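Peer 1: For reference, the structure I am asking about is given below.
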Amino acid sequence: MPSSSQVPPASVANSPVTILNQYYVPDMASTGHLLHELAEGLVELGFDVTVLTGRPSYGPRETWQKVRLREIRDHVRVNRIMSTRFSKDRLLGRLLNSATFLIPLTLRVLFTSRENSSYLYTTNPPFLGIVGAMVSLVRRHRYVLLLHDAYPEMAVWVGKIRAGGFIERLWHSLNRFTYRRAQQTIVLCDAAKKLVCDTYGIDPQRVHPIANWADGEELKPKPKAQSAFALKHGLVGPFTVLYSGNLGLYYEFETMLDAAERLLNENFRLVFIGAGGRRDWIAEQIAKRKLTNTLLLPYQPREVLPDSLTACDAALATIAKGIEGISFPSKFYTSLAVGRPILALAEPHSELRRVVEQGDVGTWFCVGDPDGLADGIRAMMLDRERMERQGCNARRLFENHYTRHHAARQYAEVLLMATGRPTPAEIAGSLQTGRA
């Protein structure tokens, strides 16, 4: 992992960076907001940042905001492509959205790519990095891959394509081509690094685990009793567990709902906020099981998040079986930022468990163990001193490792590696050598 030392302004002067991702603010997608914060952080470090993206289309249609196709937002040039905006929960709609985004984007990059610029390709949509590999065949095009979700592994896991089939083999071939032509690759965790290196034979020195982050200036701890959101929804009195984010296919909700059923007659509330492929199923389960202690709410406006995220006693971070290394729950970092203990629901070998237990920021529970989870929640309800300690630890861990400034400096080093410019670590090494 690159160091988090401060990047000297001289090392980034006149360093253009282009970030490519299908979603960007004001869209509801968490990756769009993360990349907006990253872009701001890179600008603060002296980079000249451009974003190539689409129009808002991630959340429900009523959340889409009107935007300009070309604008400067927080000192970042944002250029949007007029792609289709069908429902992403349907395979055909998702494919059409990706195609109408990727084709014009490829042409734009092909004809505007600059030799002195670095390009950061994400996995939204999953094929996006192939654009960089193709352009690099005909132009000098320096690019870095940012792996948010690993495909085709994710598509196989959710049953969209067959394991070992032609589509999976072709996808792996295209990935191998893309990773090998990239100057550097960024992944979210150590398990993802192992997956990339083992699957595609990439030099581990070119793969850098950099965790996601949250905005610690916007999201801060405060007592639940001071949350207007908690007051509005009757959450101040009951012990409340909150899940706020993507209700997608690769998160594990069964165990939490089973535990909520066991806690029906106790002073407990479970709150889901968000949308995604499993939202309708969650709604059906709440109704079928008569879970009167469980509340399902839509995505909240961005300005409400500092209040809604503190409307709980503990926050749920979950990842399904078989997803280790394929994805990592970014909501973990927002929960740390607001100083809430984490209920980590994952497999025994998961990196989420390791981080939670090493930092003493919450408690891990095994996927498929609702009795253990229910008993663990009961224990938390009775041990307020432990809850307070873990909440303080959560904020401390966030400030030490998961702020946007910390991540921006790490990204800056990798982007400088891609362009061949000296990184802060190399500059420091040269100075030490000179003094010696």
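Peer 1: Whole-Hz ³J(HN,Hα) for each residue in the stretch 382-393, computed from phi via Karplus 6.51 cos²θ - 1.76 cosθ + 1.60 with θ = phi - 60°, x for glycine and proline: what do you get?
Peer 2: So the Karplus estimates, Gly and Pro as x, are 8, 10, 5, 5, 5, 4, 5, 4, 5, x, 5, 4 Hz.
Peer 1: Return a whole-number percent for the relative contact order of the chain, with Cα pairs under 8 Å and 6 or more residues apart as the contact set. Don't jump to the answer; show the numbers that get you there.
Peer 2: Details: 807 pairs, mean separation 73.5, N = 436.
RCO, the chain: 17 percent.
Peer 1: Report, to two decimal places, the Cα Rg of the chain normalised by 2.2 N^0.38 Å (N = number of residues).
Peer 2: So the Cα radius of gyration is 0.99 times the expected 2.2 N^0.38 Å.
Peer 1: So, R0 is 41 Å and r is the distance between the beta-carbons of ALA225 and PHE166; what FRET efficiency does that work out to, to 0.05?
Peer 2: So, using R0 = 41 Å, E works out to roughly 0.10.
Peer 1: Dipole size in debye (nearest 20) for the chain around its Cα centre, Lys and Arg Cβ +1, Asp and Glu Cβ -1? Numbers along the way, then the final one.
Peer 2: Numbers: 53 positive and 43 negative charges, 286 e Å.
For this selection, approximately 1380 debye.
Peer 1: Sorted by packing (mean other beta-carbon atoms within 10 Å per residue), highest first, where do 255-268, 184-197 land?
Peer 2: Per-residue mean Cβ counts within 10 Å order the peptides as 184-197, 255-268.
Peer 1: Sequence neighbours fewer than 8 away in the same chain don't count; with that in mind, list the lysines whose C-alpha is under 18 Å from LYS224.
Peer 2: LYS232
Peer 1: I've got another one for you. Which one of LEU42, GLN358, TRP171 has its Cα pushed farthest toward the positive end of the charge dipole of the chain, where Lys and Arg give +1 and Asp and Glu give -1 at the Cβ?
Peer 2: Working it through, the farthest residue towards the positive pole turns out to be TRP171.
Peer 1: Here is a further query. I'd like the orientation of helix 404-419 relative to the chain: the angle between its Cα long axis and the longest Cα principal axis, in ° from 0 to 90, rounded to 10.
Peer 2: The angle comes out at about 30 degrees.
Peer 1: Oh, and also: P(r) for the stretch 107-158: what percent of alpha-carbon pairs falls in each 5 Å bin, starting at zero?
Peer 2: 4, 20, 28, 21, 12, 8, 5, 2
Peer 1: Pairs LYS193/LYS321; LYS194/LYS321; LYS160/LYS321; LYS290/LYS321; LYS88/LYS331; LYS220/LYS331: which are spaced more than 24 Å apart, C-alpha to C-alpha?
Peer 2: Violating the 24 Å Cα-Cα cut-off are LYS290/LYS321.
Peer 1: Further question on the same structure: If I fit a long axis through the Cα atoms of helix 91-112 and take the longest principal axis of the Cα atoms of the chain, what angle between them do I get, 0 to 90°, rounded to 10?
Peer 2: Helix 91-112 and the main axis of the chain meet at about 30 degrees.
Peer 1: Additional query: Stokes-Einstein diffusion coefficient for the stretch 1-148 at 20 °C in a medium of 1.002 mPa s, Rh from the Kirkwood formula over Cα pairs: what value in µm²/s?
Peer 2: Translational diffusion coefficient: 135 µm²/s.
Peer 1: Rounded to the nearest 0.05, what FRET efficiency do LEU91 and ARG68 have when you use their Cβ-Cβ distance and R0 = 25 Å?
Peer 2: Result of the calculation: an efficiency of 0.25.
Peer 1: Right, here's the next one. What percentage of all Cα-Cα pairs in the stretch 224-401 are separated by more than 30 Å?
Peer 2: In whole percent, the long-distance tail amounts to 8.
Peer 1: Compute a Gaussian network model of the chain, connecting alpha carbons closer than 10 Å, and tell me which residue from GLY391, GLY277, GLY325 fluctuates the most.
Peer 2: Largest GNM mean-square fluctuation: GLY277.
Throughout, read-outs are computed from the coordinates displayed, never taken from laboratory work. All values reported here derive from a predicted model rather than from experimental measurement. Virtual Cβ from ideal backbone geometry, glycine too; neighbours counted across all protein chains shown.
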